[in-house]
Structure formats: C-alpha cells, structure tokens
Number of protein chains: 2
Amino acid sequence: MPETEAELDVAFLPSELRKTEVAVVVDVLRATSTVTQALAAGYGSVHCAPSIEAARALSGPGRMLAGERQGLPVPGFDLGNSPAALGRYEARRGELVLATTNGTPAIVAAAERAEVVLLGCLLNLEALLAAIPPGSQVTVVCSGTDGRFALEDAYVAGRIVARLRGAVSDAARVAACVAGAYAGAVQPLRDSADGRMLRSTGQEADIAWCARESVLDLVPQVTANGTGVPVVTTAEAGPDHPGKTNRENPIRMV
Amino acid sequence: MPETEAELDVAFLPSELRKTEVAVVVDVLRATSTVTQALAAGYGSVHCAPSIEAARALSGPGRMLAGERQGLPVPGFDLGNSPAALGRYEARRGELVLATTNGTPAIVAAAERAEVVLLGCLLNLEALLAAIPPGSQVTVVCSGTDGRFALEDAYVAGRIVARLRGAVSDAARVAACVAGAYAGAVQPLRDSADGRMLRSTGQEADIAWCARESVLDLVPQVTANGTGVPVVTTAEAGPDHPGKTNRENPIRMV
C-alpha cells in the first residue's frame, strides 16, 4: 500500500481540471451516456468533436454525424444526441462523429490533461468503477451546462467517488454529499437545469433512459487524440484492472 | 410579487461569476471574516487589494497593512489575516489595507460584475440575510482555495441560499445540500483543505473564531471601486431592507 494516498478529486467544470493520471468525464445528460450507448449499439468508435464545424469536417463514408446545439438535433446531421434513440436500434456499424455543447468539449479538455481518459455515466457505473486502476490519482470531470455547474453531473461524480479509495478533495467530498442526498438517480436528473430543458423540449425519455444504472458492461476510453478530436473506443478489461480493491467507501460526511 | 422569481445562484469559484444584481462574497477562512471583524473592531474602511504589491502601494499614514500569502503573515505588513487576532483588540482606528490569496481577489472580481457587493461569513450571517434586498437576483461568490473549490465556502453559501427565496440554480441547490449535511459549522471548516492548513500551521484558533454565528451585527459592503481596489465599509441598515420577507426556505433537496 502506498504511503501517501492518491488524490481523488472532482472538477465541477472542465475549466477546473488540472493534470491528473485518470480523468473520468461525466455528462450524464447526455453526451457520455450517448457515447456509451453508441459503443453498445455496435459503433466501433466515436470521434468526440469540439464543435459542430469540427464534426462536419470529419464526415465521410462509414461515418454518421451526431450531435446537438441548445439540446436539439443539428440540421444536416444524421442523428441527435439521444441515448434512448440510439438504444432502440441494434447492430450499428462504422464510426460515429459526435459534437455536443458541453460533453464533447469536456472530453477534448480531459484528453489534453490526463494520461487516461474514461467516460462515465450511470448506464455503465459498475463497469467504470471496475476499470479505474486502483491507487491512481483520479479526477472526475463534470461537463456542466454552458459553463455552469450541473447538478446531474455532480450527482454522478458523487456516485463514483463514494466508491473509490483516496485522499478526498473538498470538491469530491461535496459531490459525495450530493449523491448521498438523493434516494435515486431520477430526481437529480429531472431537477437539474438540463433535465428541465429536456422536459420542456419533449425529450424526457432520455432522462429515464440515462437514469438506469449499470445496464451496459463497457467503458468508453480515449484511445487516440492525434488531431485534437479524441477517438473513443471500448476499453479492454484485463487482469491488471480488477477494480475490486478500490470499491470501498472511505468518505464520511458528518 | 414579481411574476418571474429572481435567480438565486452560487459561483463556487470567482471565475464562474456572471453579471448579477447582488453578489455576496464568501471567504469564511478567512478574508471576509477578517473584514467583518476589522469593521467591528473600529476600522472605518477596508481596502481589498488584488495583490500584496497593490496593498504595499496603498500604504500611508492612518493605514495598516494586513494580509497573508500561503496562509502566513506577509513580511513587513502590520497584521496577518487572523480574525481572532483582530477581535482581541478594541478601538481600532483608521483604514485597513488587506491582501489575501483568494478572498480579496474574489471581492475585486465581484466588484467588476455586480451592482451591489456584500461580504458574508458566519460571524454576520443574520445581519447579512437582513441586508439582502428581497426579490433581487443574488449570487453567492465562493472565493475557493488557489483556484479550487472550497468546502467551507460552499457550506456558508448553502447556509445563505437556504434562507433566501428565488429560482434556485443547480449550484445553489447543491450548496444548500452541503449545508444540510452538517450539524454545525465547525466540522466543514475543520475538514476543508483550508482548515487543515490552518491546523497544520498553528492557526486553528481562527477556525473556532470563524465558526461562530451571527455574533457581529454588521455587513461589509463595497462602497467605492474607482482604482480597482474595492473599498469596503459598513452597510447602512435602513427601512428599505427589512430582510424578513426573504428569510424563508424554498429549497427541498429530495
């Protein structure tokens, strides 16, 4: 056991992220849920574009364009940013190019500052926890909403850090507090500003979809970032990452 | 009653602050506690300098220099940043020039973006709540610690927003959650990174001092900002700010 515990931190906005060994990017409504669902649906990889324009520039044979602006599908793109819609179809193929307002820029930021970048949401919560190397310095990166703190990401960050072992930062402590304040995931997702936007635009099916826990046994990981557009594929599970040893809860709030 | 409720927000870091009617700056460990204590001790005003150098440039007759770097007194300054030390003496006079790592830069940032800037801490909690104009758009600005989220400021922000009426942002909701998770103020102040620093440097008397609630009946307010160094004096209480009507708690977390 190391003499000094690795730090366990949460960046409530991508702008707060400092250098870290492992970054877990969370945009539960909806980008990281969408990526997880897309890989489960059969896409071989997801290109996470920092902007609509960057996504368009990557269009080509075997690639589907997906994304949103202000929560709504982008004109001319093949798909929106709805995990529920993606989940209704099986046997997707090829590559997805995704551009969203908060989530894909957060993945871009994390890929610049972390050695390992994993994508987390509720859909893959247990698989994610198992994939985080025990003893590593972990920062959960919340995507936020238009540069503002997002309740639903803080909730998921808290669900993650409450299960990891490490020297808990002030932000990680507060995230765990948020997670502990709710009996389940639906309410923080519904109550958040993003949740209200989805409800007011007829997209509330995505809230129920994204609130389901550990139904997908895969972890999206950034495996290439040569062009400033991180490419995410399914992380390989292996004997080096048993995960079990960092699943205890060292955080007591009061 | 207005048809649309004014927004009640929390900026967990000064960099998150947007334009707002009323900013309440919080650096409970220790700058806003120090300013409140300084005005109670008899200083007529406190100049809140963005840096040690800016404070030095303001030195002169009738002015005391105070501040800290890395939590410790600044060589050549008259005073450190200890509310407990300030509170031990009566009948101070003249002006204080204060430069701290997080708190005074947060006050500078707030003075640039808000119409009204008040300073809050636990020492003046009830007086502060009474001074916030009912129905105004309020943002509590947490000073943070070296650009990072600070537990103790989030706790105090939560204590404030839980008593105000308004349309609660995601961040305000979470701050209220943090406040509700603790039975009292001492523990979040002690547990925070700032609290640990104070304990490890023999300054823990300031934790107990700053955890006392509503013992000072005054509210520091920025009343001049001509030179980029906000000048804080005691806000005048008046019949226009009865305060009572926004003291209810509209926030239910779960």
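The values are calculated or read from the model by the stated rules, or taken from the named source; none is laboratory data. All values derive from a computational prediction rather than experimental measurement. Cβ atoms come from the backbone with ideal geometry, glycine included; neighbour counts cover every protein chain shown. SASA here: full protein model, heavy atoms, side chains in, ligands and nucleic acids out. Shrake-Rupley method; radii C 1.70, N 1.55, O 1.52, S 1.80 Å.
Determine, yes or no, whether residue B:32 is within 14 Å of another protein chain (Cβ to nearest Cβ), in contact with a strand residue (DSSP E or B) (Cβ under 7 Å, 6 or more places away or on another chain) and of a type in the set (S, T, N, Q).
no
Any residue in region A:142-165 that is within 13 Å of chain B (Cβ to nearest Cβ), assigned to a strand (DSSP E or B) and open to solvent by less than 10 Å² (accessible area, probe 1.4 Å)?
Scanning region A:142-165 turns up at least one residue that is within 13 Å of chain B (Cβ to nearest Cβ), assigned to a strand (DSSP E or B) and open to solvent by less than 10 Å² (accessible area, probe 1.4 Å).
I'd like to check something: does region A:66-76 contain any residue that is in contact with a strand residue (DSSP E or B) (Cβ under 9 Å, 6 or more places away or on another chain), within 14 Å of chain B (Cβ to nearest Cβ) and modelled with pLDDT of 95 or more?
Among the residues of region A:66-76, not one is in contact with a strand residue (DSSP E or B) (Cβ under 9 Å, 6 or more places away or on another chain), within 14 Å of chain B (Cβ to nearest Cβ) and modelled with pLDDT of 95 or more, which makes the answer no.
Identify the single condition in (1) more than 9 Å from chain B (Cβ to nearest Cβ); (2) open to solvent by 60 Å² or more (accessible area, probe 1.4 Å) that residue A:187 does not satisfy, given that it satisfies every other one.
That leaves (1) as the condition not met.
Test each condition in (1) modelled with pLDDT under 95; (2) of a type outside the set (S, T, N, Q); (3) farther than 17 Å from residue A:30 by Cβ for residue A:146 and report the one that comes out false.
Only one criterion is unmet by residue A:146, namely (3).
Given the conditions (1) away from chain B (no Cβ under 14 Å); (2) at pLDDT 95 or above, and given that residue A:135 satisfies all but one, which numbered condition is not satisfied?
So residue A:135 meets the others, but not (2).
Considering only region B:166-183, how many residues are touching a Ser or Thr at 6+ places or on another chain (Cβ under 8 Å) and either of a type outside the set (A, V, I, L, M, F, W, C) or under 19 Å from residue B:13 (Cα atoms) (or both)?
1
Inspect all residues belonging to region A:112-124 and state whether any of them is farther than 23 Å from residue A:40 by Cβ and of a type in the set (A, V, I, L, M).
Within region A:112-124, one or more residues are farther than 23 Å from residue A:40 by Cβ and of a type in the set (A, V, I, L, M).
Tell me which residues, restricted to region A:109-128, are open to solvent by less than 10 Å² (accessible area, probe 1.4 Å) and not β-branched (Val, Ile, Thr).
Once the filter is applied, which keeps residues that are open to solvent by less than 10 Å² (accessible area, probe 1.4 Å) and not β-branched (Val, Ile, Thr), region A:109-128 yields A:110, A:118, A:119, A:120, A:121, A:122, A:123, A:124, A:125, A:128.
Would you call residue B:106 in a helix (DSSP H, G or I), in contact with an Asp or Glu (Cβ under 8 Å, 6 or more places away or on another chain), more than 9 Å from chain A (Cβ to nearest Cβ) and surrounded by fewer than 24 Cβ atoms within 10 Å (Cβ to Cβ)?
Against the criterion (in a helix (DSSP H, G or I), in contact with an Asp or Glu (Cβ under 8 Å, 6 or more places away or on another chain), more than 9 Å from chain A (Cβ to nearest Cβ) and surrounded by fewer than 24 Cβ atoms within 10 Å (Cβ to Cβ)), residue B:106 does not qualify.
Which residue is nearest to residue B:111 (Cα to Cα), if the candidates are limited to region B:42-86 and must be over 17 Å from the mean Cα position of the chain (by Cα) and polar (S, T, N, Q)?
Once the filter is applied, the top-ranked residue is B:51.
I'm trying to understand the selection: among the residues of region A:190-207, which are surrounded by fewer than 16 Cβ atoms within 10 Å (Cβ to Cβ) and without any contact (Cβ under 8 Å) to a residue 24 or more places away in the chain?
A:196, A:199, A:200, A:202
Regarding residue B:157, is this residue touching an Asp or Glu at 6+ places or on another chain (Cβ under 9 Å) and within 23 Å of residue B:46 (Cα to Cα)?
The answer is no for residue B:157.
In region B:170-184, what residues are more than 7 Å from chain A (Cβ to nearest Cβ) and surrounded by fewer than 24 Cβ atoms within 10 Å (Cβ to Cβ)?
B:179, B:180, B:184
Is it fair to say residue B:116 is in contact with a Ser or Thr (Cβ under 9 Å, 6 or more places away or on another chain), assigned to a strand (DSSP E or B) and within 14 Å of chain A (Cβ to nearest Cβ)?
no
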